[in-house]
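Notes follow once the structure below has been shown.
The values are calculated or read from the model by the stated rules, or taken from the named source; none is laboratory data. None of these values were measured; they are calculated from a predicted model. Ideal geometry is used to build each Cβ from the backbone, glycine not excepted, and the neighbour counts take in all protein chains shown. We work out accessible area using only protein heavy atoms, side chains counted, and drop any ligands, DNA or RNA first. Shrake-Rupley method; radii C 1.70, N 1.55, O 1.52, S 1.80 Å.
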Amino acid sequence: MKLSQVRKIIELTLTTLFTPTHPTPQNARKKGGDFSPPRSPAPATGEGRNPLTSSSRNQEGESPPFSPIICSLASSNSRKSDPYRKSTVGTNSKNWWTPIFGWSSEPDYIQSSGTISSKNEVSGWIRNETERSRSDKLLRGCFMAEKVKELRKKTVETSTFHDIMYHSAIARKKGGDFSPLRWPAPATEEGRNRLPTSSRFWVGWGGVEKENPGKMHSNHLLLEEPIRMASILEPSKANFFPAMTKIVGTLGPCSRSVEVISGCLKAGMSVARFDFSWHDAEYHQDTLENLKAAMKSTKKLSSVMLDTVGPELQVVNKTEHDITLKADDKVILTPDQGQEASSEVLPINFAGLSKAVKKGDTIFLGQYLFTGSETTSVWLEVDEVKGDDVVSVVKNSATLSGSLFTMHASQIRINLPTLSDKDKQVISTWGAQNKIDFLSLSYTRHAEDVREAREYLSKLGDLSQTQIFAKIENVEGLTHFDEILQEADGIILSRGNLGIDLPPEKVFFFQKSAIYKCNMAGKPAVVTRVVDTMTTNLRPTRAEATDVANAVLDGCDAILLGAETLRGLYPTETISTVGKICAEAEKVFNQDQYFKKTVKYVGEPMTHLESIASSAVRAAIKVKASVIICFTSSGRAARLIAKYRPTMPVLSVVIPRLKTDQLKWSFSGAFEARQSLIVRGLFPLLADPRHPAESTDATNESVLKVALDHGKASGIVKSHDRVVVCQKVGDASVVKIIELED
């Protein structure tokens, strides 16, 4: 019998015993701490022999250092068809071998389940070398075939790793030889182990991945391997900052006292939202005064957001009685506000509804900041139009309760201005008086809406620095999203009304696409309506908790809470819960992939400031810095750093600048500092105005000391930590790395 026939018989026998259950992954070769594509082994050198790249037999004739493996067994045809593996089966190569359960200088992978035996028990392989006789090969081959059968039977009974693909492990060098298969010993300074000791194998869908054998990558997640499910139950460490993702809380009847607001600030609220669809300016002024008192007592800073009413349709219920609507009944929507609201007639604040809708259109009614529950919200279908009245059919039974009901006509253009006269009055009085930081422009539909609002703010002097956040609430705003993003300072994804306009299966796609566009533009993205059930419950649903985490993994900057804190029973607990979910999601946010994606999107050549910002983030990650400190006057440099989503906090040290309007002198910086509170990972400090940001003397060092002292007091940094500092020195921008002393 010829040797080739013996090989064929043994291969076919082993193929039957070990049928592969997974697609063959790429064979990777360890090189310099990374995995490169497979190639022919490099010649061994005398100084530092790489066990994964040594040739099968070097020029001196000594045997190669082998790494223990359990290899995938397949027929010669399958090996030839495998594009990721060097095929040598069926050739006349002098150094050909087929490892079975033994030792090989070629890295491989485990594809079949199995326990690992000693070197003496499984030490055979079939090799085609001129110095071995055919009979010896035949005997060894038959011996190994029987051994494989025994081991296979033993393996099925004892193995706990069935059908899982492992990366081959490197054997540990002992006295010039390799001991049986085991995990590598901890790395030493004299001879570092090439595989990280924290993880010995790396499992991913479809096989062994490359690049970093201590992590598991997906589109958004970064998980340590091996994953211990019990570790999920371990309590998280308490941090000074509850989460990098910011939380916007809407203050209202259930959250306007000093005590409750103080609790919200401690729980993680960084932006207070005042919604003027609810109550008047005097009511909100009292709430704002309580906010100031709470900030003073807690020493927690919060910015102020004014939310406009815009072209919002409302049902006028002057009696504030509950209204019960039953399925299949008819109800009339009328612009006659003199009529009393009932189950037959609902007065509305818009006279042009009859001209905007047609038979078959959908109208949604619900309590203000509705949660979408079918018991408190109702769907109407337009049946006919009679003059100014719209006759609709009730699609589900519900009871409308409260003093304010909102109405949303699905995919219908409402011919009302985005910035109403009432909105302008509130902005010019209450807004200018309190120097609001953000203007939430409800129902933004075109870029022109943002331009008009900015022009109006510029006429009010003190509000010229107020940032405008465009609120996308309908299909019209979605259609013009790109041009709106160019004009606005940030985007609020109002998923309540937008979720009515869009089919349910399209909502997630819009959210992910919109957040991605905001991230690449370096503008904050705010997501709303995440834990509606916490309005009346102490815990969110599983879907809501996952929704919050997904928003963080998508890259949002802030979570906006509406009804949950406005009229919710547990405002403080809601903020705390959302903050904890955000913090956990941030731990597995794939920053490396995000960084590469952002750099690729920005392209080359980068602007000077963008290059400095990305370099600061990259340096901070490489040296494992505890914090990035950025000196800025306008806040733009700090926001650019935050754009690249560093894994550590960014302290934005805002240096005030002296300015004048030709009537009086004043310092800037307060706006810039407070406006950082809505950007993910950005935490502001307002420096002494006597220390300019572009100083070339020692004044910057004193400001840096203040920032570091603040970091130490808050627990962000400690002795021997590394800190990355980004600042201007004269005309040059500098990124430096410092290590803290005792």
Next item on the list: Count charges around HIS321 for me, please; just the other residues with Cβ under 15 Å from its Cβ, Lys/Arg as +1, Asp/Glu as -1.
Entry: -3
Next item on the list: For THR660 and ARG542, compute 0.36 nm times the residue count separating them, minus their Cα-Cα distance, and round to one decimal in nm.
Entry: 37.1 nm
Next item on the list: Kindly state, to the nearest 0.05, the FRET efficiency for LYS736 paired with ASP336, given R0 = 56 Å and r defined as their beta-carbon distance.
Entry: 0.20
Note to self: Just to confirm, what accessible area per residue do you get for region 234-328 at 1.4 Å probe, in whole Å²?
What the structure shows: 44 Å²
Next item on the list: Can you pull a Stokes-Einstein diffusion coefficient for region 404-548 at 25 °C (0.890 mPa s), Rh from Kirkwood over Cα pairs, as a whole number of µm²/s?
Entry: 150 µm²/s
Item checked: Rule-of-thumb Rg ratio for region 292-393 [Cα; 2.2 N^0.38 Å; N residues] -> 1.41
Notebook entry, point to check: What's the local net charge at VAL345, with K and R +1, D and E -1, over the other residues with C-beta under 14 Å away?
Noted result: -3
Notebook entry, point to check: With the other protein chains left in place, how much accessible area per residue, in square angstrom, belongs to region 507-566 at a 1.4 angstrom probe?
Noted result: 34 Å²
Check: When the solvent-accessible surface of protein heavy atoms is calculated with a 1.4 angstrom probe, in what order do THR287, THR572 fall, highest first?
Finding: THR572, THR287
Check: Pairs LYS643/LYS728; LYS622/LYS712; LYS422/LYS471; LYS266/LYS597: which are spaced more than 28 Å apart, C-alpha to C-alpha?
Finding: LYS266/LYS597
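Given a Förster radius of 22 Å and the C-beta distance between GLU344 and GLN411 as r, what FRET efficiency does 1/(1 + (r/R0)^6) yield to the nearest 0.05?
Working: r = 27 Å, r/R0 = 1.22.
So the FRET efficiency works out to roughly 0.25.
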